[in-house]
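See below for the structure under consideration.
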Amino acid sequence: MINQKNGKSVYIETFGCQMNKLDSELVAGRFLEEGYSITKDKKSADVILFNTCSVREHAEERVYSRAGTLKSLKRKNPHLVIGVLGCMAQNHQGQVIERLPHVDLVAGPRKINSIPDLVDDIKKSKTQVIAIDKEGEEYTDVFRREDARETPFQAYVKIMEGCDCSCTFCIVPSVRGSEVSRSPDVIVDEVKKLADSGCVEITLLGQTVNSYGKGLNPKIDLGGLLEKVHEVEGIRRIRFITSHPIFVRKSLIDAMSDLPKVCKYLHIPAQSGSNRILKLMKRGYTSERYVEMVNELRENVKGIEIASDFIVGFPTETEEDFQNTVEFMQKVRFQNSFVFKYSPRPGTDAAELEDDVPLTVKKERNQILLNVQNRVSLEKNKDIVDKKVEILVEGPSKSNPQRQTGRTDSNAIAVFESPNNLKGKFINVEITNATSLTLFGRPI
């Protein structure tokens, strides 16, 4: 525990994406500023917060289940404040309290700065509070504290909030709001402070990170921002996620090619290899255009690896549509892919379509794509055997503390034997073996 001035502690559990992890860190920082400590023990906490995800129904149901188990704890400790924050809170609003009447606070993603104040209001008034982001509500920067970050050598940096895309399957624009880009000067200043505190790797975050720059004056895009961040001394690696295919511009390709600190890795979800399905999804590109983009990236950015997301079983997806996706995946040869079975999200355009692909078919297609990806990943990783790579060590392996694990510049997971904890160090490793998920090697 840190900074325990008033004897009060807060427990924060995070679901979902990297943006949510950063938001939780920022919330923790605000509570530290108010004299709370951060605890990993729910039973001893004075405040319990769930920072939530709404991308899939399963993520929401996990929160309802987790928060539901606290009913007896709340009964034993009526002064306990329980809160549901983030995307699910924004999506379900008052329904959260209807299902979980022992929850005290429901707050949207742009209320991060206000959470400690809202908790104080609840304690004083002894009433439940629903604080939902209003349409057009401005994004407010939140002061971050070094001691709220779990990994001193790595940090997420939010460069924008919200999304203006209209993908028919996605709930994010309605829960995160319209796009707002942060000033490049503010971002660079934050990165400098992180570097001064010992951070060597940063990951720039946005719902559609490569659309960065909308509304800023003077004009700047992600490529231009990468140039500015690249100048910060002490930072050795710069990552960014998640990108959209239609915003891969020449300036971004040039930045990835010319700036040594920018990692040669791009997570850029294709979602489908069927043009008919892509049109129904309103993705704004064809599979042919995606392949052209990949070819351009590989021609200009030496050693780049590309990852994707896919949705199987989207409404009306036929066997022909699915086979197009299989062939597309085989052609592009992604480093890795995250494959999801479609589930309708209320409030999205796709939810108006009949969910007509049986679950058994979705499961079968999901496994087929995973098998294709595993074969490609194994082949790509085998190509690295006998080569030397630099990894940033993230710490001991969870399965074997005698092994250290980390990532290469291109985001491949690498493991090597060492009795020493080399967390936060850059180590050169010769790769001696590989599976579809992991590189194995020895330090040199």
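The values are calculated or read from the model by the stated rules, or taken from the named source; none is laboratory data. Computed from a predicted model, the values in this text were never measured in an experiment. Glycine gets a Cβ as well: all are built from the backbone with ideal geometry, and neighbour counts include every protein chain shown.
What do you reckon, is residue 339 among the β-branched types (Val, Ile, Thr) and more than 22 Å from the chain's Cα centre (by Cα)? Spell out how you get there, then give the answer.
Details: among the β-branched types (Val, Ile, Thr): yes; more than 22 Å from the chain's Cα centre (by Cα): no.
Criteria not met by residue 339.
Kindly indicate whether residue 393 is out of contact with any His (no Cβ under 8 Å at 6 or more places or on another chain), surrounded by 14 or more Cβ atoms within 10 Å (Cβ to Cβ) and in a helix (DSSP H, G or I).
No, not satisfied.
Can residue 49 be described as outside any helix (DSSP H, G or I), touching a residue at least 40 places away in the same chain (Cβ under 8 Å) and within 21 Å of residue 113 (Cα to Cα)?
Criteria met by residue 49.
Residues in segment 17-39 that are part of a loop (DSSP other than H, G, I, E, B) and either touching a Phe, Trp or Tyr at 6+ places or on another chain (Cβ under 7 Å) or crowded, with 21+ Cβ neighbours inside 10 Å (or both): how many?
Here the count works out to 2.
Quick one: count up the residues across segment 338-366 that are surrounded by 13 or more Cβ atoms within 10 Å (Cβ to Cβ), polar (S, T, N, Q) and out of contact with any strand residue (DSSP E or B) (no Cβ under 8 Å at 6 or more places or on another chain).
Matching residues across segment 338-366 total 2.
With surrounded by 19 or more Cβ atoms within 10 Å (Cβ to Cβ) and either closer than 26 Å to residue 167 by Cα or out of contact with any Phe, Trp or Tyr (no Cβ under 9 Å at 6 or more places or on another chain) (or both) as the only criterion, which of 205, 216, 226 stands out?
205
Answer yes if at least one residue in segment 59-77 is modelled with pLDDT under 90, assigned by TED's automatic domain parsing to the domain that holds residue 120 and surrounded by fewer than 19 Cβ atoms within 10 Å (Cβ to Cβ), and no otherwise. Give the steps one after another, and end with the answer.
Keep residues of segment 59-77 that are modelled with pLDDT under 90, which gives 59.
Pick out the ones that are also assigned by TED's automatic domain parsing to the domain that holds residue 120 and you get 59.
After this cut, where a residue has to be surrounded by fewer than 19 Cβ atoms within 10 Å (Cβ to Cβ) as well, the list is 59.
Taking every residue of segment 59-77 in turn, at least one turns out to be modelled with pLDDT under 90, assigned by TED's automatic domain parsing to the domain that holds residue 120 and surrounded by fewer than 19 Cβ atoms within 10 Å (Cβ to Cβ).
Assuming residue 436 fulfils every condition listed in (1) outside any strand (DSSP E or B); (2) hydroxyl-bearing (Ser, Thr, Tyr); (3) touching a strand residue (DSSP E or B) at 6+ places or on another chain (Cβ under 8 Å) apart from one, which condition is it?
Every listed condition holds for residue 436 apart from (3).
Take the residues in segment 410-444 that are in contact with a helix residue (DSSP H, G or I) (Cβ under 9 Å, 6 or more places away or on another chain) and of a type in the set (Gly, Ala, Ser); name whichever of them is surrounded by the most Cβ atoms within 10 Å (Cβ to Cβ).
So the residue we want is 412.
Between 172, 191, 157, which is farther than 30 Å from residue 35 by Cβ, among the aliphatic types (A, V, I, L, M) and out of contact with any Gly (no Cβ under 8 Å at 6 or more places or on another chain)?
That would be 172, the only listed residue that is farther than 30 Å from residue 35 by Cβ, among the aliphatic types (A, V, I, L, M) and out of contact with any Gly (no Cβ under 8 Å at 6 or more places or on another chain).
Regarding segment 122-129, can at least one residue be identified that is in a strand (DSSP E or B) and farther than 16 Å from residue 11 by Cβ?
yes
Being under 20 Å from residue 347 (Cα atoms), surrounded by fewer than 15 Cβ atoms within 10 Å (Cβ to Cβ) and within 26 Å of the chain's Cα centre (by Cα) is true for just one of 95, 90. Which residue is that?
Sole residue among the options that is under 20 Å from residue 347 (Cα atoms), surrounded by fewer than 15 Cβ atoms within 10 Å (Cβ to Cβ) and within 26 Å of the chain's Cα centre (by Cα): 95.
Does residue 72 meet the test of being part of a helix (DSSP H, G or I), of a type in the set (Ser, Thr, Tyr) and more than 30 Å from residue 350 (Cα to Cα)?
Values: part of a helix (DSSP H, G or I): yes; of a type in the set (Ser, Thr, Tyr): yes; more than 30 Å from residue 350 (Cα to Cα): yes.
Judged against the criteria, residue 72 is a match.
Exactly one condition in (1) under 20 Å from the mean Cα position of the chain (by Cα); (2) buried (at least 22 other Cβ atoms within 10 Å of the Cβ) is false for residue 182; which is it?
Tallying (1) under 20 Å from the mean Cα position of the chain (by Cα); (2) buried (at least 22 other Cβ atoms within 10 Å of the Cβ), residue 182 fails exactly one: (2).
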